[in-house]
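Here's the structure we're looking at; comments come further down.
Where a number appears in this text, it was derived from the coordinates with a stated rule and is not lab data. Only a predicted model underlies this, so the values are computations on that prediction, with no experimental measurement involved. Positions of Cβ are generated from backbone atoms using ideal geometry, with glycine treated the same way; all protein chains shown enter the neighbour counts.
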Amino acid sequence: MEQEFLDYYTNNSWRNLYAQICIESRNNSYASKEASKPENRHFNRYRDVYPYDHSRVPLSNVANTDYINASLLSLESLGRSYVLTQGPLSSTAPHFWSMVWEQGCRAIIMLNRVIEKNTPKCHQYWPADKDEVMSFEEVGLTVENISLTPGPLWCTAPLGSGGRAPSSSWTLVSLRPRLLAPRPSTSSRGCWT
C-alpha cells in the first residue's frame, strides 16, 4: 500500500484516479434517492458524491435521521467489510462516531487533510492532542486521543470511547496525500473517510 501511495504521488496521478472513479461510478443503474431527499441534503459534503441506496449505512442511534453519507463495501473473498464515507462536517461528526460505534469499526483511515490548499476538506472530528477528549452528547459518545505517533507518510492515533457500554477503541491512520517532512498532525471492519 505504501508503494502504491508513493507511486500516485510521484506520478502526480491522484486527479486521474479520482476522474476515473467518477466516470465509473456514473456508469451504473444504482439509485441514490435517500441522499437526494431534502431532509438529507445538508448531511452531504459534496452535491455529487452520494451513497447508493442498496449499500448505504443506516444509522440506528441518531435522533431524527438514519442517514449518513456512507456505504458498506463487503469483500467476501477476504472475509472483510469496510465503511466508505466522506470526511464529516461539523454537524455530522456525532453521526460519524455513532456509525463507527454501531458498525464495530476497528480502524479509521483518513485519505485527506482537514484543510487542503486553504479549503476545508473535513471537520476536525477526532481529538488532535494526546489525552484530549471530544464529547458528542447528541449520540452519547466521547472520544479520547490516547497517544499520537507521527510518521513520514502517515500519523496514527489510538482512540478510545466512553459514554456507551461496552467501550470501544479505534486506531486513526491519517495518510498524507502530499509528502511533507514528518510533523505532529493536528489534523475484520475498517472505516475509510
Cβ density ranking, 10 Å radius, fewest first, applied to E102, E132 yields E132, E102
I need the peptides 50-60, 90-100, 109-119 ranked by packing, meaning the mean over residues of other C-beta atoms within 10 angstrom, with the highest value on top. 90-100, 50-60, 109-119
Those GluC sites (Glu not before Pro) from the range 1-65 that are DSSP loop and have at most 15 other Cβ neighbours within 10 Å turn out to be none
Is the range 59-166 best put as rounded, prolate or oblate by its Cα gyration tensor, with a ≥ b ≥ c the root eigenvalues, rounded for a/c under 1.5, and otherwise prolate when a/b is larger than b/c, oblate when not? rounded
Pull out a ≥ b ≥ c, the square roots of the eigenvalues of the alpha-carbon gyration tensor of the range 73-123, then state rounded if a/c is under 1.5, prolate if not and a/b is larger than b/c, and oblate in the remaining case. oblate
Which of the three applies to the range 5-139, rounded, prolate or oblate, going by the alpha-carbon gyration tensor with a ≥ b ≥ c and a/c under 1.5 meaning rounded? rounded
How far, in nm, would the chain grow between E132 and E2 when pulled straight, counting 0.36 nm per residue and subtracting the alpha carbon separation? 43.9 nm
